Every structure is written in C-alpha cells, then in structure tokens.
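Notes follow once the structure below has been shown.
The values are calculated or read from the model by the stated rules, or taken from the named source; none is laboratory data. These numbers come from a predicted model, not from an experiment. Every residue, glycine among them, receives a Cβ derived from its backbone with ideal geometry; neighbour counts consider all protein chains shown. Please note that ligands, DNA and RNA were not included when accessible areas were found on the heavy atoms of the full protein model with its side chains. Shrake-Rupley method; radii C 1.70, N 1.55, O 1.52, S 1.80 Å.
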Amino acid sequence: MEENSSDDQRATANQTVEHRFEFRGDGFEYFKIWIVNILLTIVTLGIYSAWATVRNNRYFYSNLYLDNNNFRYLAEPLTILKGRIIAVLAFVAYSIAAQLMPIFSLVLLLLLLVAIPFFVNQSLAFKNRMSAYRNIQFRFHGSYGEAFMVMYIWPILGVLTLGVLYPLAIKKMHEYRVRNSAYGTTQFSYEANIWDYGKIFLVILGIGVIGFAVTVGISYLMPAAAIISPALMVFIYLAIIVFFMVKINNLFYCSAGLANHRFGAHLTMPGMASVLLINMVLTIVTLGLYLPAAKVRMAKYMADNINLNASGSLDNFAAAEQENVSVLGEEFGQVFDFGL
Amino acid sequence: MIIQGNYLDGKTSRGRRAQLLYRESSELQIVVFDEEGYSSEESDPKSIAVDFHNLEIESRLGNTPREISFAGNQLFITPDNDAVDALILELGTGESVSWLHKLESSLPTIAASVIITLAVLAATVVYGVPKAAEVIAFKLPEFVSSKLGSSLDVLDNTIFDPSALTESRQQEIRTLFAPHLERFEDLNPKVEFRSGMKANAFAMPGGEIVLTDDFVELVKDDEELLAILYHELGHLKHRHITRRALQGSMITLIVVLVTGDLDTIDLLTGLPTLILDLSYSRDFEREADQFALEHMRAAGIPTENFALAMEHLQEYYAEDKEGESSENSDSDGESWTDYFSSHPATQERIDSARDFR
C-alpha cells in the first residue's frame, strides 16, 4: 500500500475494523431489469445481449457495498459486442474447418489447448480491469506458465494420484487467482495451509463412504425401507455439495488479504442449504421466472457472510497505470466455456 | 440545483463529500469538502469546474448510485437519481433520459415483457428449434454425418461386447433384411450385432443399425424384426441423431442468451434442458414409428407385427422389474414419469400401431 504522507494519520488508523460486505439489490427490481433485457435481446435477435450483460453486471456490482462504498462495473457494451462477434465468427470458422478437414481440426484443437491459458489470463485481466471500487480499478497479471500449470499440470497430477494431489490443485488455482490480482497498485495476498484443503476432501470422502455404507446397509437389513435409498442418496449428494461450497468459500476468503487487511467469511451449512433449496423450488415452480430473484438472494447471502477486517483506513490505495486489455480473451472464454 | 454526493479523484481510494452545483448559463461545478468533523480551518472547500463536453452520466439502473465521470478518471457519485435525471433535462444533452429505465420501471411493460418472452420462448422451443435443426441437418453434407459414425468404435470399446449370436443366425437376419435395405441405399445402412446391453436397437448417424442379442432373441417372428428395422431406418431417414444434437446445442445457446451467462447452467437450468431434450426425443420416436408403419404397409408386412414387437419388449422389461410390482400397472400412459423418458410410453406406441390405417 502506498501511504499518502500528506495525510494526517487519524487516531484510529491502526485499529482493526470489521467491514461487512452488503448487497443492497432487490429481487423484484432486478427481475424487471432482467425481463426487459430478455425482451430486447429477443427483439434484436441477440444483438442486445451485450447491453444486457453490462446491465446485469452493473446491477450486481453497483449494489455491492463495502464500508458504504459500492463497487462498479465499467465495461462498454460495444466492446463486449465486438468481442462476442469475433468469438462467434472464430467458432463458426473453426466448426466449418473441422468439418471440411478433420485432420486440420485436430491441429486447431491442439493450438487451442495451447492458447487456452493465454485466453484465461486475458479474460481475468479484462474482468478485473472492468471492476472498480472507490474509483480504483482492479488488475490481474498472470503469467502463461502459471496459468498452464494451474489449468493442466496440477489437475492432471490430481487425477494421476487418484485424487491425493487434488486439494493441492485447487489451492494452486486459488493462489493463481488471488495473488495475481491487485486493487490499484496493491497486490492481493493468499496464505492457506494445504492441510485445510485436505481436511475438506477427507470429510467429503468420509461422508460419501458412510453414506454409501448406510444406504447399502438399509437395503440389506430392512428391505422394506429400501424405497428411501434413492432419496437418501440424493440427500447425501446435496449435503456434500453444500458442505463443499460452504467450506471452500470460507477457506478461500479467510486466506485472502490485501495489504494489512484480511478477508473473512462465515458461511454456514444451514444458511447455504436454505438459500439453495428456496431458490431451487421457487425457480422450478415459477418456470424460471424466479431466477433473477434467486441470484439476488444468493448475492445477499454471500455478501452478508463475507467481511473485510480492515487494519486502519481504506483511503490510501493508489490507482494503477492505465492499460488496455482486449476484450477478446473474455469473449473467447465465454464461447469455449473455460470454467475456472 | 445542488446535488449531494461523493467525489473520488481516481488517483487514490479516498472519497470526499461533495456537491454538484448547476446554475443556468453558468458552468457545472463540483465543490469538494474535506471529511466531516475534520479540522475545519484546514482549507476552503475545493471547487472544480466541469466542462460538460467531458461529462459522462451513467444511465439509470434501478436504485443503484448514479455515476458521473469527468475529466478523465474523476468521479462524482450520488444516490439522488431523480436529481441527476432533472440535471440531464436541464443540460439538454437529453440522450440519456433513460428510456431503458422507463421500460424497466413500468409495470405494464414488465407484464407485457413476461408474456411476450414466455410466448416467444415457447414458440421457439416447440416449433423454431426443431424446424431449424431439421433444415440444418438436411443441409449438412453427407460426409459430416458419416464421420460421426465412427462413434460405434467408441461404444465397442466401452459398452458393447461382440455378439454371441451364431454366425448362421446373423446371416439369416442379414438375408432377411437385404431386400428391404435395397431401397434405402442412399442412407448407407449396415446391420450390426452386439451384446453387453439389455434389449435395444439403435441407428448411428453413419448408417449402422445396431441390434443387441437380447433384442433379437425376444422377438417371436422375423416380421417383428423387420418392424424394428423400419423404425431404425426412420431414424436414419429423418436424421434424428444429428437433429437431436443440433437441438441440444440450440437449447444451450438459448439458455445462455436468456440467463446471460454460462455459470447459471447448473441444477436450475439443467433440469428444464433435460426435460426438453427428452421431449424432443419422444417426438423423434413417434416420427420413426410412423415411418415404420407406413413402410411396412408399403412392403406388405402386417403392421400388427410392430405392435407385437413392442409388446414383447414390454414383457421383457416387465420381467426385468419383477418384485418392484406396481410400476407397470398404469398401462394407459399418462404418468408424470413420462416426462423423464426418452421414449413414449410403450402402451401408447402399441395402441397407435393398432390404430394405424
């Protein structure tokens, strides 16, 4: 962090203050924006989708507050539209090439695999650059080598070791995402213990094994009660998903820091489960019309349970140099769907 | 006009309380104060004159704070959306008196949007997607679909085992099929026998028609085998496999357009997508059944054989489920589980074969 020396230090400067994140959006308000987005996207045969994306993102960024200041989403719809058109053209060109010359398509696919880490870096750089808080933009500078390791080598090692190294692969991914990010000129830090990752996976393994044993046990000992077995399996499966989401998010945020400020998170299993369950039921019952409100509910829950323990004032972060990152990376990322 | 807000200079993260002042025929000014309760004698409020050619006022979005950026990276931000709308009117720049926001906040528009969106989506999903997939599937050059046919190798390596039928039985069936296949040479049909799976028959896009051993054994009559053959030829003729794949990707594309991102494709959107795919699949099965019945009649094979083959299939799977009683009792179709099946209810298929004329 760059200290602004001309500023007087206030008495409270080095006290730790807990700032809660806060999401001030409203389900019905967002529903109205969302449905108009869809209507205009239909009417314009998809062209409006770039504007829709910007309006959706702006709604979620601008309603997210920390210490009474909101985040902002800065991307221009035209930039996104351009990237989207290029990406779709590239995809169509690839599909045609793949059909005309199957061997050529293999070469292209190989080239694409080589290029993916580059695109992911670009995409994250764009995403961060288009995010701002207190009029300071975020940044992302990932190296090709690290992206390559995180995307291919670590996960492959995880598979080859039958999952033993998988927690490490996830940890490396988190480090890559956070340590390469910056708020203005201030780099984020990420300090986590591999054992904390390992524990999560061991517990999941435990739940899985015990759950399986119980299910099998029931159908052997009480054949009459075997009808509940499928329901039990689904329940265990959902419990594992909720457990993983809660624990991995808590670990992720608690391990992240910015200068002397530490992030914290205290998501809980009952809390997350009820949000997911309410969202799922209402979305299905309303034929999807509840989807926007569901997103708002999830955003509220996440924000309410994530905080920043600030040591001193948040006033002294400095903006980074201007830089231009092409929108292409992000849009390629969307077309070929690289989930991180 | 005075608008209260916050000023951020874009160089540091420090925000200051500020006012935006506008008087007719004078410049736009932003007056920046030091933090409240902060030594008052320190300095006079700083005043920044704003050239309104450099001014950018964000369009209104719900109740999110309004952002006014100017002179490069400086930002004035205010929760007072109405005041900013009034300012835009007075400045006469007009352009961003947000018609979007008007659309987004008028209830009649919202109601109309919901209805139009649902109607368009329903029409697209029910008519548009199948029609588009059909057109594309028949425009695709032959070799594209035949390249996909190599997927039989994949199945051979994973699910299928070589057939246990005797060579002579296989030859017998091939001879039985040969005259019927002759008229469909353009489809390049090739009959294959495999085991390793329950009674089933499929058509691959390359033209292979695969019959499993269980299937060959469960039918009681050669003409029933022909009924199955014609059903699979129907799939080939109508390019159902290619169309189903195309329809799947179109639905995914629509979901992405509607929800705005790929992250949403999970349990929530996955279920409706699956139900749609299965409903498309059932339509294809009906079309293939229809094809089979028509061509059986043309070839002089009693269509009753189709119904018999289906009945034998039904018995086969009923025995398979022995113990789990009640399941088969709802013989006349209409059950909610139908929505989760890739094929129409077998009873429905038998009935429509018998009603065929």
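Working only within region A:66-125, note down all residues that are among the aromatic types (Phe, Trp, Tyr) and more than 23 Å from the chain's Cα centre (by Cα). A:91, A:94, A:104, listed by residue number. Selection of region B:106-138 for residues being within 14 Å of residue A:37 (Cβ to Cβ) and open to solvent by 60 Å² or more (accessible area, probe 1.4 Å) yields only B:116. If you go through region A:295-321 and keep only what is farther than 21 Å from residue A:137 by Cβ and without any contact (Cβ under 8 Å) to a residue 24 or more places away in the chain, you end up with just A:298.
Residues being β-branched (Val, Ile, Thr) and assigned to a helix (DSSP H, G or I) are entirely absent from region A:122-145.
Of all residues in region A:204-228, those satisfying the criterion of being at pLDDT 75 or above and not β-branched (Val, Ile, Thr) are A:205, A:206, A:208, A:211, A:212, A:213, A:217, A:219, A:220, A:221, A:222.
Within region A:49-59, the set of residues being within 9 Å of chain B (Cβ to nearest Cβ) and under 18 Å from the mean Cα position of the chain (by Cα) comprises A:53, A:56, A:57, A:58, A:59. Only residues that are exposed (fewer than 13 other Cβ atoms within 10 Å of the Cβ), modelled with pLDDT under 50 and of a type outside the set (Asp, Glu) were counted across region B:293-330, and they come to 4.
Taking region B:77-91 as the range and being facing another protein chain (nearest Cβ under 10 Å) and assigned to a strand (DSSP E or B) as the test, only B:77 passes. The C-beta contact set for region A:38-51 (first residue buried (at least 21 other Cβ atoms within 10 Å of the Cβ), second residue in a loop (DSSP other than H, G, I, E, B), distance under 6 angstrom, 6+ apart or interchain) comprises A:41/A:48. In region A:38-48, what residues are assigned to a helix (DSSP H, G or I) and either facing chain B (nearest Cβ under 7 Å) or in contact with a Gly (Cβ under 6 Å, 6 or more places away or on another chain) (or both)? Correct list: A:38, A:39, A:41, A:42.
Considering every residue within region A:218-237, establish whether at least one is under 19 Å from residue A:168 (Cα atoms) and open to solvent by 30 Å² or more (accessible area, probe 1.4 Å). No, region A:218-237 has no match at all.
Checked across region A:60-78, the condition of being aromatic (Phe, Trp, Tyr) and either facing another protein chain (nearest Cβ under 7 Å) or more than 30 Å from residue A:263 (Cα to Cα) (or both) holds for no residue.
Considering B:232, B:224, the condition of being modelled with pLDDT of 85 or more and over 32 Å from the mean Cα position of the chain (by Cα) is satisfied by B:224 alone. For residue A:87, the criteria (1) over 30 Å from residue A:250 (Cα atoms); (2) surrounded by fewer than 19 Cβ atoms within 10 Å (Cβ to Cβ) hold in every case but one, which is (2).
Listed by first and then second residue, the pairs with beta-carbon distance under 7 Å, at least 6 apart or on different chains, first residue in region B:10-32 and touching a residue at least 24 places away in the same chain (Cβ under 8 Å) and in the same structural domain as residue B:48 (by TED's automatic domain parsing), second open to solvent by less than 10 Å² (accessible area, probe 1.4 Å) and outside any strand (DSSP E or B), are B:22/B:87.
Within region A:291-315, the set of residues being part of a strand (DSSP E or B) and over 17 Å from the mean Cα position of the chain (by Cα) comprises A:308, A:309, A:310, A:311. The set of residues from region A:139-164 being within 30 Å of residue B:77 (Cα to Cα) and open to solvent by less than 30 Å² (accessible area, probe 1.4 Å) comprises A:139, A:140. Scanning region A:266-289 for residues that are surrounded by 13 or more Cβ atoms within 10 Å (Cβ to Cβ), polar (S, T, N, Q) and within 14 Å of another protein chain (Cβ to nearest Cβ) returns A:279, A:283.
Can we say residue A:90 is out of contact with any Asp or Glu (no Cβ under 6 Å at 6 or more places or on another chain), more than 11 Å from every other protein chain (Cβ to nearest Cβ) and not in a helix (DSSP H, G or I)? No: the conditions fail for residue A:90.
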